[in-house]
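Take a look at the structure set out below.
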Amino acid sequence: MAKILLVEDNEMNRDMLSRSLKKRGFEVVMAFDGKQGVEMAGEHAPDLILLDMSLPVMDGWEAAQHLKSNDATKQIPVIALTAHAMAGDKEKAMEAGCDDYDTKPIDLKRLLGKINAWLENSTMRSPRPKLPSEK
Ligand code: MN
């Protein structure tokens, strides 16, 4: 099952999202700030990253730039999450290298749609052999 790195400093959002994702069978690893997020992306090689933009230590925009300038992590789809649909936030996130964008409060159905679309997309780009347990 796909592994998702959730980079989120807000405990309530983190708990809600990680629980919802785990319930749907995703493996979830978590980071609490941008710097830790970048480090964990390198260590855990997640299939997708959910990146809050407003983060302590290193914000999401800077973290995205680090992720996308590193050969080991640049191919991982990054979905940016921001608290407000501020004018220009989407553009800023895309410029920083994020692949997609969603706004808080999280609409789980909408976000899952984006997650699944990106995961299917990466599977098509880099096919791996199917496991015996898969049909
Ligand atoms: Mn935040």
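The values are calculated or read from the model by the stated rules, or taken from the named source; none is laboratory data. This structure is a prediction, so every number in the text was calculated from the model and none was measured. Counting neighbours? That spans all protein chains shown, and the Cβs are built from the backbone with ideal geometry, glycine included. Remember, those area values only see protein heavy atoms, side chains included, never the ligands or the DNA or RNA. Shrake-Rupley method; radii C 1.70, N 1.55, O 1.52, S 1.80 Å.
Candidates in segment 6-18 are the residues that are in contact (Cβ under 8 Å) with a residue 60 or more places away in the chain and open to solvent by less than 30 Å² (accessible area, probe 1.4 Å); of these, the one that is farthest from residue 78 (Cα to Cα) is 17. Here residue 1 fulfils each of the conditions (1) modelled with pLDDT under 95; (2) part of a helix (DSSP H, G or I); (3) not polar (S, T, N, Q) apart from (2). In segment 41-58, which residues are closer than 20 Å to residue 93 by Cα and either surrounded by fewer than 20 Cβ atoms within 10 Å (Cβ to Cβ) or within 16 Å of the ligand (Cβ to nearest atom) (or both)? Matches in segment 41-58: 47, 49, 50, 51, 52, 53, 54, 55, 56, 57, 58.
Among all positions in segment 59-69, there is at least one residue which is within 15 Å of residue 34 (Cα to Cα), within 16 Å of the ligand (Cβ to nearest atom) and touching an Asp or Glu at 6+ places or on another chain (Cβ under 7 Å).
Number of residues in segment 8-39 that are more than 16 Å from the ligand (Cβ to nearest atom) and within 24 Å of residue 61 (Cβ to Cβ): the value is 4.
Could you list all residues from segment 59-73 that are of a type in the set (D, E, K, R) and either under 13 Å from residue 99 (Cα atoms) or open to solvent by less than 10 Å² (accessible area, probe 1.4 Å) (or both)? Scanning segment 59-73 gives a single hit, 68. Annotation: of all residues in segment 85-109 being in a helix (DSSP H, G or I) and loosely packed, with under 11 Cβ neighbours inside 10 Å, the one that is modelled with the highest pLDDT is 109.
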